[in-house]
Amino acid sequence: MRRQRIAIDMDDVMAITSEKFLKNINRLFDKNLSEKDFKGKYWLDIITIDQYKACIELVHEEGYFLDFPIMPDAVEVIKALNEKYDVFIVSAATEFPNSLKEKMIWLAEHFPFINWKNIVLCGDKSIISADYLIDDHPKNLKTFLGKSLMFDAIHNQTVTDYQRVMSWKEIATILL
Ligand SMILES: [Mg+2]
């Protein structure tokens, strides 16, 4: 019998990424916004399109994806999941060409037990087929045909369509 497949998102699921974007907003536009200002909102609900574009330019810069902190307990839990399931890291990365190489470097550094064959850097995640998808973005979970687990994030606070998971420890209790 084949092992069940788990597809795992990177940004704000394995890596803490929004913090850096928020810091750049505050630095560039002399604001003092905190995560709670974004509760249930996306960036464009609270900053202008031009401000957003200026922050996105920084995302294109070399090195942007290299130094994200790891989500608490992600290494230990994903390592254990990898023993029991076929784990695939699935990241919508092609919008930022630098991120392709940098995400590979970040994964090799922090998750060396993930084989390169199990890393799927893509554009639109609706192409993904697996038994589970762990992702923070409803737009990715919406098209997924397996079981969705929505990783808790500041922007998805009002979304109730998917099973919310608060932490990697909680994922461990569900899947291990
Ligand atoms: Mg994400």
**Message:** As a test, work out the antiparallel percent of DSSP beta bridges whose residues both lie in the chain, rounded to the nearest 5.
**Reply:** 5
**Item:** region 47-111 shape via C-alpha gyration tensor axes, a/c threshold 1.5
**Value:** prolate
**Asked** Taking the chain as a Gaussian network, Cα atoms linked when under 10 Å apart, which of Lys139, Lys36, Lys84 shows the biggest mean-square fluctuation?
**Response** Lys36
**Fill in**
For the Glu76, Asn98 Cβ pair and Förster radius 22 Å, calculated FRET efficiency rounded to 0.05 is 0.15
**Request:** Determine ³J(HN,Hα), in whole Hz, for all residues of region 82-93 in sequence, where each value follows from phi through the Karplus function 6.51 cos²θ - 1.76 cosθ + 1.60 and θ = phi - 60°; x replaces Gly and Pro.
**Result:** 5, 6, 9, 10, 8, 9, 10, 8, 10, 10, 6, 10
**Message:** When a/c reaches 1.5 or more, the comparison of a/b and b/c decides; with that in mind, is region 82-130 rounded, prolate or oblate per its Cα gyration tensor?
**Reply:** oblate
**Asked** Can you put Val87, Val75 in order, fewest other beta carbons within 10 Å first?
**Response** Val75, Val87
**Prompt:** What's the extension gain from Lys53 to His110 if we count 0.36 nm per residue and subtract their Cα-Cα distance?
**Reply:** 17.5 nm
**Prompt:** Zone of Leu28 (label point 7 Å along Cα→Cβ, backbone N under 20 Å): which residues in region 61-88?
**Reply:** 61-69
**Item:** Ellipticity estimate at 222 nm from DSSP helix runs (n ≥ 4, -39,500 (n - 2.57)) divided over the chain, nearest 500
**Value:** -10000 deg cm²/dmol
**Mean-position separation - Cα centroids, region 154-171 and region 1-80, in angstrom** = 16
**Complete:** Most exposed first, judged by fewest Cβ atoms within 10 angstrom, Phe144, Phe65 run Phe144, Phe65
**Request:** Percent of Cα-Cα pairs per 10 Å bin, from 0 to the last occupied bin, for region 53-176, please list those.
**Result:** 12, 39, 41, 8, 0
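FYI, it's all coordinate maths here, none of it is from the lab. From a predicted model like this one, the values you see are computed outputs, not experimental measurements. Cβ: placed from backbone, ideal geometry, glycine included. Neighbour counts: every protein chain shown.
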